[in-house]
Each structure stands twice: as structure tokens, then as C-alpha cells.
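Everything on this sheet refers to the single structure shown next.
Read the figures in this text as sums done on the coordinates, not as results from a lab. Keep in mind that this is a model prediction, so the values were computed, not measured. Backbone-built Cβ (ideal geometry, glycine too); neighbour counts: all protein chains shown.
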């Protein structure tokens, strides 16, 4: 395995890192001020469009699409250090059009969408003109087992009719969100539990679609929004089917594999920022006659954080390399491992940094508390830790139990 950065990776790292230093970090306060001034926690701040135009001019756009003529043509391994840099600020990925859930939605539209679907929805998403939401998780079932989803998709003539509830539909309240990708059951009685589901494309303004509410995340109004959505006799043409009937579960797995590793890339970057903030804080704060940095327990926190971040980074790179070299199926265990490791590392490092900051660490004056919630959320999003551990254990038992 070779994780060495190529010349192209080094150049892009310098460009993205330079852009973060010159434009993203200096505008963090401006971003929050513009949202506050809009009176809508899910508003689209003008600063994002302003910086996105600059990023696109520099070619720092759609970097996430692996080996695709629609994106930068980067492999997963090449994209990993760039996503890590973006992850240092929660909203930075949107400036480069590399933000979830749109990245996953663009990937499956590029892979499974018809030319008409791609023209209507993929192209505007690639251009950053539109946002999207992915509706899979449901409040009434354990959605960690995707075969149990209950939303119905029934064929009636030339239409599909949808009925059901979803929640944690990220992005649904963003003003530019125009399309929902909805997973439901077209064949609930099929003997193959993994062929019961399908995905359909539902325009946001379709009659019967209701965004009921936003769900706060540990008390935060996440600017991305995470919504409960109801579908009551929602009617869309059969041409809105993504892939074929019964392909929904397979499409979800195709989407979640890269999506999980993208989250882990960003988690590593967020953890790195928490560590850097902690180091800066403890060298400037005096307690009991000397800087906090001279306290043994603080140095232990810093050392543990350095070690854990390095481990997470290397496991992420290994997962990315395995996807590139052997495909998603071969990388399944690696993806599951890093999906457990990276959010937990972010949560631990953020917690140590919050403790080192004292009362300030709990406030919104610093990004630490919000980043902690991101790590905690990602221990559930795209599959809870326990499901990934179950998969890892089953794989190990197959290899070693004999």
C-alpha cells in the first residue's frame, strides 16, 4: 500500500489549504452573522456564493466525484486529504460543492440516473445551483435495518404514489433544496427482503410533501437542517424511478459506502482543528502559576489526541486506497472500521479541547461544542457504531472461526 501524496495531491492540498486560510477561516464570523441577519437558521449566506465563485474559478469544484468526467477525476485516496482540510470548518465543503447530502445524491444520479434525470437534477447540483435531500430514515422503525422501512411506493398507471414518514432528511429546509431522493417499498411482499425497496425522485414542491419540522441536534439548530417529512398521496411519474424497481437497497449501499468515508475524512480534519485550538489555548492560559501546557494531564490529552488522529487518518487512507484498488465490496470492512473510529476520535478530541478551554469550550464563542455534536451524530448517521461492529465481527468470524 502506498499512501504517499502524488505531485497532483500536493498541489491540490496547497490550493485547498491556502483557500481555507485566506477565505474560509477569516469569514467564519461573517457566515454566522449573515445567517443571524436572515432570521432563518437554514438561510443560504451570501458569503458561500461569493467564495464558491472563487473556488470554481480556481478549479476547486466537485472534487469528490472519483475518476469521473463530471468532477475533478480524483481517486478516493487523492480526495481524502482535501476532504480532511474542508472538514476543519463545518460549512467549508459547500464552498467547494463537496457537501453532504448532495455529494451522495450526485454520485447515485451520475451512476443510476437516466439522461433526462441527470439533465433536470444532476447538472444543476453539479453547478451548485440546487440543493437536495435524501429521505431514508424513518421514525417508526429501527432504520439501522433498512429492510424495515415502511414508506410505500405504489404503482398506479403511469405514476407512483408515496405514503409515509421520514426524518433526519438533511437539507430539506435549505432554500435551494429542490429535489428529494426517497426510499420506500414497491414490493413489500417480495421473498427477497433486499429487493422490496426502490428509490424515486420527488420534487420538493410536489403536492402532499410536507416538511413538518426541523430536528435539533443536541439542542443546536444545524444550518444544514435535519427534517421530519411526511408524504401523503404524493404522486410522481414513473419516469422518476431511480434505477429499477427493487434496486433501492443496492443503490443505498452504493451511496453510503463513499458517503461514510467522506464523513470520516471530514471528521479527521475537525479533530485536527480541535487539537490545534487546544494547543493554542493551553500555551496562552495561566493556572496555578504556570501555563496549562506545562500541566502533565494536558500534555497527556495532547499526546493521546495526536496518536488517535494519526491512527484515524491512516485507517481512512487505507479504506480509500482499498476502494480504489479493489472496489467497494473489498473495502467493506475498512469502511465499517473507519466509520466507527473517526467519529469517536472527533468526539474524544473535542471533549478534551472543551475541557482545556474551560467554560469557553461549552459556549458558541468557539466551534468545539458544535464539533463534538457532529462526532456524536455521526456515530448514528449512515449506520450506528453497533451495526458496523456487527459487520466487522461477522467478517472476522468467517475468516478465523474455522
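Ranked by how many other Cβ atoms sit within 10 Å of their own Cβ, fewest first, the residues 136, 199, 337 fall in the order 337, 136, 199. Note on residue 232/residue 295: beta-carbon distance plugged into 1/(1 + (r/R0)^6) with R0 of 51 Å gives a FRET efficiency of 0.30. Helix 28-38 and the longest principal axis of the C-alpha atoms of the chain enclose an angle of approximately 50°.
Does the range 314-402 come out rounded, prolate or oblate by the C-alpha gyration tensor, with a ≥ b ≥ c the root eigenvalues, rounded set by a/c under 1.5 and, if not, prolate when a/b is larger than b/c and oblate if not?
On the way: a/c = 3.16, a/b = 2.35, b/c = 1.35.
Note, shape of the range 314-402 comes out prolate.
Distance from the Cα centroid of the range 336-359 to that of the range 132-199 is 32 Å (rounded to whole angstrom). Rounded to the nearest 10 degrees, the angle from helix 76-86 to the longest Cα principal axis of the chain is 60 degrees. Subtracting the Cα-Cα distance of residue 306 and residue 30 from 0.36 nm times their residue separation leaves 96.3 nm of extension gain. Using 13 Å as the cut-off for backbone N distance, which residues of the range 365-393 belong to the label zone defined by a point 7 Å from the Cα of residue 329 along Cα→Cβ? Answer for this model: none. If you take the Cα centroid of the range 55-83 and the Cα centroid of the range 96-124, the two points sit 15 Å apart.
Annotation: for a label point projected 7 angstrom from Cα along Cα→Cβ of residue 5, residues of the range 314-331 with backbone N closer than 15 Å are 314, 317. Based on DSSP H segments of at least four residues, each scored -39500 (n - 2.57), the chain has a per-residue ellipticity at 222 nm of -15500 deg cm²/dmol. Taking the C-alpha atoms only, the angle from helix 102-112 to the longest principal axis of the chain is near 40 degrees. Potential lengthening of the chain between residue 38 and residue 22 amounts to 3.3 nm, from the contour at 0.36 nm per residue minus the alpha-carbon distance.
As a rough footprinting exposure proxy, the listed residues 103, 216, 373 were ranked by other beta carbons within 10 Å of their own, and the order from fewest upward is 216, 373, 103.
In terms of other Cβ atoms within 10 Å, 3, 19 run from fewest to most in the order 3, 19.
Distance between the C-alpha centres of the range 361-402 and the range 224-291: 11 Å, rounded to the whole angstrom. For the pair residue 147 and residue 50, a Förster radius of 56 Å applied to the C-beta separation gives a FRET efficiency near 0.80, rounded to the nearest 0.05. On the beta carbon distance between residue 58 and residue 276, with R0 = 25 Å, the FRET formula returns roughly 0.55. Residue separation of residue 385 and residue 190 scaled by 0.36 nm, minus their Cα-Cα distance, works out to 67.3 nm of gained length.
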